[in-house]
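Here's the structure we're looking at; comments come further down.
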Amino acid sequence: MKGLPKVLGLIFCGILNASTPAFAHSHPLAESLEGPKSAYTPILLELAKNWAKSGTPREFGPALYNSLGGNPLKMVCVATSGNSFYIGLKQFMRVQAPLEKVEAVLDDIAHYKDLFPDYDDIHVISRDDNYVLTYWEQHIPLFFVPNAKYEIGYIVDKSNPNLALYRYQLHKGDSLKTNDGLIIVEREPGGTSRYSEFDYYDANWGVAKALGVAKIWRESAEGLYASDVAVKIKAEHPEWSYSKIADDTAEILKKYPVDPVIQPCVP
């Protein structure tokens, strides 16, 4: 942030229209996705399968999503042994809007560039029922670092009307080496939703390594924090402009810096 790249963050979600009368599920949640696998690929796959089958795992109970000191998003960093540049972040928040409102934001790919202004291009390459292949080009504001370009494949499961799962994985990219992610949106009584996100990725950091491990972790965490909060704000205030959402997101991030979150994972 502040003139430095957000380091390939904002690996994101939805793309399929939740309002489609007959949402097709020809691709099972457990289907193997094309692209590089990592140690986290089977871990997230198992988590997704168990969540879809049995509901919220005990360690992700409702209390986890309560605001802590006013911070709308809880983040937990996950270190990878032997690779301090491997980013792992878990994110949890409660959205004061029903599941359908959250899905509407995640599914509105036409406005992703408005919601996530660090990107020059985001579009769908192809889709086959509940499998979608997308293209992302992230603007890197350093003249000696080219934009990050990559493709992400998604399997979306909305077979349960109270639960939406988005499992995604790197298909190919010029900077990213691996990326595994999972987003779960759950309906709560009273018209609110629980939002969980898990992101693990490694990259060919190149000259960015000169910034240091702490800077790369901070930029990555800030990018993911900002993207989640933007989704929350848009779902809760669909009438707000994207510029107001961006301003409010920046203020919230300023108020709740990510340094305490990443500290346990930065050597």
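If you scan segment 81-100, which residues turn out to be surrounded by fewer than 19 Cβ atoms within 10 Å (Cβ to Cβ) and among the small types (Gly, Ala, Ser)? Once the filter is applied, which keeps residues that are surrounded by fewer than 19 Cβ atoms within 10 Å (Cβ to Cβ) and among the small types (Gly, Ala, Ser), segment 81-100 yields Ser81, Gly82, Ser84.
Every listed requirement among (1) touching a residue at least 24 places away in the same chain (Cβ under 8 Å); (2) touching an Asp or Glu at 6+ places or on another chain (Cβ under 9 Å); (3) aliphatic (A, V, I, L, M) is met by Ile122 save one, (1). Going by the structure shown, is Leu165 under 19 Å from Leu44 (Cα atoms), assigned to a helix (DSSP H, G or I) and touching a strand residue (DSSP E or B) at 6+ places or on another chain (Cβ under 8 Å)? Here the answer is no, as Leu165 does not meet what is asked. For segment 237-267, the set of residues classified as among the acidic types (Asp, Glu), surrounded by fewer than 15 Cβ atoms within 10 Å (Cβ to Cβ) and assigned to a helix (DSSP H, G or I) consists of Asp247, Glu251, Asp259, listed by residue number. Taken as a whole, the structure places Ala52 among residues that are in a helix (DSSP H, G or I) and more than 15 Å from the chain's Cα centre (by Cα). Of all residues in segment 67-80 being in a loop (DSSP other than H, G, I, E, B) and modelled with pLDDT under 95, which is surrounded by the fewest Cβ atoms within 10 Å (Cβ to Cβ)? Once the filter is applied, the top-ranked residue is Gly69. Is there a residue in segment 43-63 that is of a type in the set (Ser, Thr, Tyr), at pLDDT below 95 and either loosely packed, with under 11 Cβ neighbours inside 10 Å or out of contact with any Cys (no Cβ under 8 Å at 6 or more places or on another chain) (or both)? Within segment 43-63 (the criterion being of a type in the set (Ser, Thr, Tyr), at pLDDT below 95 and either loosely packed, with under 11 Cβ neighbours inside 10 Å or out of contact with any Cys (no Cβ under 8 Å at 6 or more places or on another chain) (or both)), the answer is yes, since at least one residue qualifies. Residues being in contact with a Ser or Thr (Cβ under 6 Å, 6 or more places away or on another chain), part of a helix (DSSP H, G or I) and hydrophobic (A, V, I, L, M, F, W, C) are represented in segment 197-215 by at least one member.
The values are calculated or read from the model by the stated rules, or taken from the named source; none is laboratory data. Predicted, not measured: the structure shown is a model, and the values here were computed from it. Using ideal geometry, Cβ is built from the backbone for each residue, glycine included, and neighbour counts are taken over all protein chains shown.
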